[in-house]
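See below for the structure under consideration.
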Amino acid sequence: MGIIKKYFMPNEYVQSIFQIDIDKLAESGVKGIVTDLDNTLVGWDVADPTEAVKTWFEEARQKGITITIVSNNNEKRVGSFSKSLKVDYIFKAKKPRGRAFDRAMHSMNLNPSEIVVIGDQMLTDVFGGNRRGLFTIMVVPVKQTDGFITKFNRLIERRLLQHFRKKGYIKWEEN
């Protein structure tokens, strides 16, 4: 079971991005964040960043942390959201494949040890980040509704989380 833990277990698990301490990230040498968009930053059906998301991005920017949004969604969705935050983005990323993570690392000109991946899905964000040796932070999905493929992924995710809890690998609880 070691390989499942290696690839699917996030390094951290938090309720939302707002529980991620930007100061702590910066102090630990993090210079880049690769973040998912839908159900990570805002609900999948929310078109624009909330004021809280804008503030969080600005706080990261002030600490010298570059953010790239990497999403499997289309260019219109990801582009308009990212442009309003003035950050780079990669759309139709085909996560968990590694090419989008590689592109983000390259465009930020950072080493894997300087980047964290934030996302709400174990099978795309966590698996993709872990495969590239990046520090992964999984958040509870902003909304409880999902598209068809994501619903299927969530079934597998619940089984993996149950397995990790049973093995004693995780101590957190979802609310």
Degrees, to the nearest 10: 75-85 long Cα axis against longest axis of the chain: 60
Exposure rule at most 16 other beta-carbon atoms within 10 Å, DSSP loop trypsin sites (Lys or Arg not before Pro): the chain longest free segment: 1-62
Rg over Rh, two decimals, segment 1-121 (C-alpha only, Kirkwood Rh): 0.94
Span from the segment 155-170 Cα centroid across to the segment 107-136 one, whole angstrom: 20
Cα-based helix-to-principal-axis angle, 51-62 vs the chain, degrees rounded to 10: 80
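In whole percent, how big is the carbon plus sulfur part of the accessible area of the chain, probe 1.4 Å, protein atoms only? Don't skip to the answer; put the middle values down first.
Working: 4810 of 9450 Å².
Here it works out to 51 percent.
If you take every residue apart from residue 56 with its C-beta less than 15 Å away from the C-beta of residue 56, what net charge results, scoring Lys and Arg +1 and Asp and Glu -1? List each step's numbers first, then the result.
Details: positive: 24, 54, 61, 63, 86; negative: 21, 23, 36, 48, 51, 58, 59.
Combined, the nearby Lys, Arg, Asp and Glu give -2.
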Folded to 0 to 90 degrees: helix 148-167 orientation relative to the chain principal axis, Cα: 60
Gyration tensor (alpha-carbon) shape descriptor, segment 9-78, a/c threshold 1.5: prolate
For the chain, the longest site-free run once GluC sites (Glu not before Pro) in DSSP loop states with at most 10 other Cβ atoms within 10 Å are removed: 1-172
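Taking only protein heavy atoms into account and a 1.4 Å probe, give the accessible area per residue of the chain in Å². All intermediate terms of the calculation are to be shown ahead of the outcome.
On the way: 9450 Å² over 175 residues.
Counting only protein heavy atoms, the per-residue value for the chain is 54 Å².
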Förster-model FRET efficiency, 35 Å R0, residue 165 and residue 52, C-beta, rounded to 0.05: 0.75
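The values are calculated or read from the model by the stated rules, or taken from the named source; none is laboratory data. This structure is a prediction, so every number in the text was calculated from the model and none was measured. Positions of Cβ are generated from backbone atoms using ideal geometry, with glycine treated the same way; all protein chains shown enter the neighbour counts. Ligands, DNA and RNA are excluded from the accessible area calculation, which covers all protein heavy atoms including side chains. Shrake-Rupley method; radii C 1.70, N 1.55, O 1.52, S 1.80 Å.
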